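Novice: Structure incoming, see below.
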Amino acid sequence: MPSIIAAGEALVEIMRTELDQPLDRPGTFAGPFPSGAPAIFASAAARLGGSVGMVATIGDDAFGRCIADRLQADGLDLQALRVSPERLTGMAFVSYRSDGERAFLFHLHDAAAAAVTLEQIPAGYLEGVQHLHITGSSLSVGTSLREVCYALAHEVSQRGGTISLDPNLRPELMPVDEIRAICQPILEVTTYLLPSGAELLGLVDADTPEAGARKLIARGIKLVGLKRGAAGSTLFTRDLTLEIAPFDVPEVDPTGAGDCYAAGLVTALLGGWDLSTAGMFANAVGALATTRLGPMEGTFGLSDVAQFMAAQHRPLPHGLV
């Protein structure tokens, strides 16, 4: 049984091949690429050496097979991955703008991605689970999936495991104020909160992300990993604030970078690494994710990440690889 599980949407992503091509005009697309925020996290964590399982539903179609084949190749435990004969695999169409922003068009609410139930999880599946990863996008997809996330978070917390929440706010799926409300039951048991600045301010009333992070730490969250994109990240605990410098890479596709960052940080912390090293490693994993086209195409193994860090003159301490 896996020691890390991710629960949520698995989908394919189909993207514009050039900048500033809107989705409401004829044009060229590339894909399908396996995607979905929790699936990207799971793929990255497995490639980094974690024992990882995925709780999700795909359709009995070509896109579903695309996802299952990729997750299997990355070494995931797929006992809790259900194939629905009634619903199509979830899809996201994406366009990129010159200013770095993206536009999404999702087919999720009526897709297989939303049809996750507790019944698809094998008996005893949680017995060895040390960590659960949840995203705000998963909570936004539909009631059934949201209730599964709540139930898993309660169970893993009761068993003494840790829980990470990436808010991953998607206004295309649900208004931000509603996402804030549905994240609250997960926030109550969250160990590691991994937001961007805008996402953090979407969860808590505060003037700045830093003030918001400290409010949430005071409420009992052990660690806030504030993702700052090209500026790196900041780690907040009750006793420390650590600024973690970014890595310099040529960006090709930013999709999935935050999920890979989360996978890097979680696997490092579960491995007992010190906070500064874990943060540096997470930044490296997130940076590498942007160097290839496709959400999961930028996931790498531990030795590859270590070589990249050494080449950037920020090597991992001896004995960690």
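The values are calculated or read from the model by the stated rules, or taken from the named source; none is laboratory data. This structure is a prediction, so every number in the text was calculated from the model and none was measured. Methodologically, a virtual Cβ is constructed for each residue, glycine included, from the backbone with ideal geometry; neighbour enumeration extends over all protein chains shown.
Novice: Take Ala306 and tell me if it is modelled with pLDDT of 95 or more and either under 16 Å from the mean Cα position of the chain (by Cα) or under 25 Å from Val12 (Cα atoms) (or both).
Specialist: Spelling it out, it is not the case that Ala306 is modelled with pLDDT of 95 or more and either under 16 Å from the mean Cα position of the chain (by Cα) or under 25 Å from Val12 (Cα atoms) (or both).
Novice: Can you tell me which residue among Leu293, Leu320, Leu235 is aliphatic (A, V, I, L, M) and part of a strand (DSSP E or B)?
Specialist: The match here is Leu235.
Novice: When you go through Glu178, Glu172, Glu119, Glu127 one by one, which is the residue that is at pLDDT 95 or above, of a type outside the set (Val, Ile, Thr), out of contact with any His (no Cβ under 7 Å at 6 or more places or on another chain) and surrounded by fewer than 21 Cβ atoms within 10 Å (Cβ to Cβ)?
Specialist: Glu119
Novice: Have a look at Gly75, Gly64, Gly50, Gly31 and point out the one that is assigned to a loop (DSSP other than H, G, I, E, B), buried (at least 18 other Cβ atoms within 10 Å of the Cβ), touching a residue at least 12 places away in the same chain (Cβ under 8 Å) and not β-branched (Val, Ile, Thr).
Specialist: Gly50
Novice: Only one of Arg82, Arg87, Arg70 is charged (D, E, K, R) and in a strand (DSSP E or B); which?
Specialist: Of Arg82, Arg87, Arg70, the one residue that is charged (D, E, K, R) and in a strand (DSSP E or B) is Arg82.
Novice: Among residues belonging to the range 248-265 that are over 10 Å from Phe41 (Cα atoms) and surrounded by 24 or more Cβ atoms within 10 Å (Cβ to Cβ), point out the one that is modelled with the highest pLDDT.
Specialist: In this case the residue turns out to be Leu265.
Novice: Checking Thr117 against (1) under 17 Å from the mean Cα position of the chain (by Cα); (2) more than 30 Å from Thr28 (Cα to Cα), which test does it fail?
Specialist: Exception for Thr117: condition (1).
Novice: Sticking with this structure for a sec: Could you say whether any residue in the range 201-223 is small (Gly, Ala, Ser), free of Cβ contacts under 8 Å to residues at least 40 places away in the same chain and buried (at least 23 other Cβ atoms within 10 Å of the Cβ)?
Specialist: Yes, some residue in the range 201-223 is small (Gly, Ala, Ser), free of Cβ contacts under 8 Å to residues at least 40 places away in the same chain and buried (at least 23 other Cβ atoms within 10 Å of the Cβ).
Novice: Out of Arg87, Arg102, which single residue is among the charged types (D, E, K, R), more than 30 Å from Gly160 (Cβ to Cβ) and at pLDDT 95 or above?
Specialist: Arg87
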